[in-house]
Amino acid sequence: MSRQLAFHVNAAVCTGCKACQVACKDKNNLEVGRLFRRVYDVDGGGWVERNGFMEPNVFAYSLSISCMHCQSPLCLEVCPTGATFKRADGIVMVNKDVCIGCRYCEWACPYGARQFNEATGQSSKCDFCADLLDKGEQPACVATCPQRALEIGELSELQAKYGATSQVYPLPEADLTQPSIVITPHPAMLLANANTARVAKPGEV
């Protein structure tokens, strides 16, 4: 069986501080507007009547995501030059020597993980900090998180430890690409769906 590295995101302890996002931008020298890791702030609820009284059922949580390094990546399927490929450890990479900047991968990715680099005219994305991994170090986002809400490991091992949740609001259907992510849900995620919740500050993700 081939390897598949994955992220574990403990949304139950994530505070939405965005330290992971800042560390990623700093490590990859990303200009304003290009994000490899994004933090969703989700809120919802309001007032409900119970036994003649109005009670609040307000909820909120944060969710940090990057490229999902999917087991069935649509970005790889649509790439006309083979620039998008998976390493032996399951990390989805971009070969800059053959990327022509057609942006098909960007349109195909349901997670918005592909980011167009205007300076080079090519696709760019989270590469799991492969250069750090190859030296035995942690990705910048994982190493920086003050709550230790991010973790990496073999997908099967993370699933055995934390469960197999890979889809919560506002993420798309997991069966589209089989994302390599394991999410420990925040309790509020049980209340959240397209009818009960919204992405706050959508311009930041």
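Just so it is clear, none of the values below were taken in a lab; they were calculated from the coordinates. Predicted, not measured: the structure shown is a model, and the values here were computed from it. Don't worry about glycine lacking a Cβ; one is built from the backbone with ideal geometry, like all the others, and counts go over all protein chains shown.
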### Task
Mind jotting down the distance between the C-alpha centroids of region 44-95 and region 158-205, whole Å?
6 Å
### Query
How much length is gained if the chain between CYS102 and GLN147 is pulled fully straight, taking 0.36 nm per residue apart and subtracting their Cα-Cα distance, in nm to one decimal?
12.4 nm
### Summary
One would report the Cα pair-distance distribution of region 1-51, bin width 5 Å, in %, as 4, 13, 18, 16, 14, 12, 8, 6, 4, 3, 2, 0
### Task
At most 16 other Cβ atoms within 10 Å and a DSSP loop assignment: could you name the GluC sites (Glu not before Pro) in region 126-205 that fit?
GLU137, GLU173
### Summary
Among (i) 16.0, 46; (ii) 17.0, 60; (iii) 17.8, 67, the value of Rg and Dmax of the Cα atoms in Å computed for this structure carries the label (iii)
### Task
Starting from the Cα of PHE116, move 7 Å in the Cα-to-Cβ direction to define the label point; list residues of region 10-52 whose amide nitrogen is under 18 Å from there.
31-36
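With the cut-off at 1.5 for a/c, could you classify region 84-198 from its C-alpha gyration tensor as rounded, prolate or oblate?
Details: a/c = 1.95, a/b = 1.30, b/c = 1.51.
Verdict is oblate for region 84-198.
Given a cut-off of under 8 Å on Cα pairs at least six residues apart, what relative contact order in percent is computed for region 54-158?
Working: 113 pairs, mean separation 19.7, N = 105.
Relative contact order of region 54-158: 19 percent.
Charges at C-beta only: +1 for Lys and Arg, -1 for Asp and Glu. How large is the resulting dipole of region 116-205 about its Cα centre, in Debye rounded to 20?
Details: 6 positive and 11 negative charges, 82 e Å.
I would put it at about 400 debye.
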### Message
Whole-Hz ³J(HN,Hα) for each residue in region 192-205, computed from phi via Karplus 6.51 cos²θ - 1.76 cosθ + 1.60 with θ = phi - 60°, x for glycine and proline: what do you get?
### Response
9, 7, 4, 8, 10, 9, 8, 7, 6, 6, x, x, 8, 10
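Only bridges with both residues in the chain count here: give the DSSP antiparallel percent, nearest 5.
On the way: 26 of 30 bridges.
Antiparallel bridges make up about 85 percent of those DSSP assigns within the chain.
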### Task
Only Cα pairs under 8 Å and at least 6 apart count here; give the relative contact order of the chain as a rounded whole percent.
33 percent
### Message
Calculate the FRET efficiency for GLN167 and ARG34 from the Cβ-Cβ distance with a Förster distance of 25 Å, rounded to the nearest 0.05.
### Response
0.45
### Query
Among VAL182, VAL142, VAL32, which one shows the biggest mean-square fluctuation in a GNM of the chain, springs joining Cα atoms closer than 10 Å?
VAL32
## Note on the structure
Asserting the computed 222 nm helical MRE of the chain (DSSP H runs at least 4 long, -39500 (n - 2.57) per run, divided by residue count, to nearest 500) equals -4000 deg cm²/dmol
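How large is the charge dipole for the chain, taken about the Cα centre, if only the Cβ atoms of Lys, Arg (+1) and Asp, Glu (-1) carry charge, to the nearest 20 debye?
Details: 19 positive and 21 negative charges, 40 e Å.
That gives the chain a dipole magnitude of about 180 debye.
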### Task
May I ask which residue of GLY46, LEU158, CYS67 lies farthest towards the positive end of the charge dipole of the chain, with charges of +1 (Lys, Arg) and -1 (Asp, Glu) on Cβ and the Cα centre as origin?
CYS67
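DSSP loop (so not H, G, I, E, B), at most 15 other Cβ within 10 Å: list which GluC sites (Glu not before Pro) in region 65-122 pass both filters. Can you show the working numbers first?
Numbers: sites: GLU77, GLU106, GLU118; in loops: GLU118.
Sparse-neighbourhood loop GluC sites (Glu not before Pro): GLU118.
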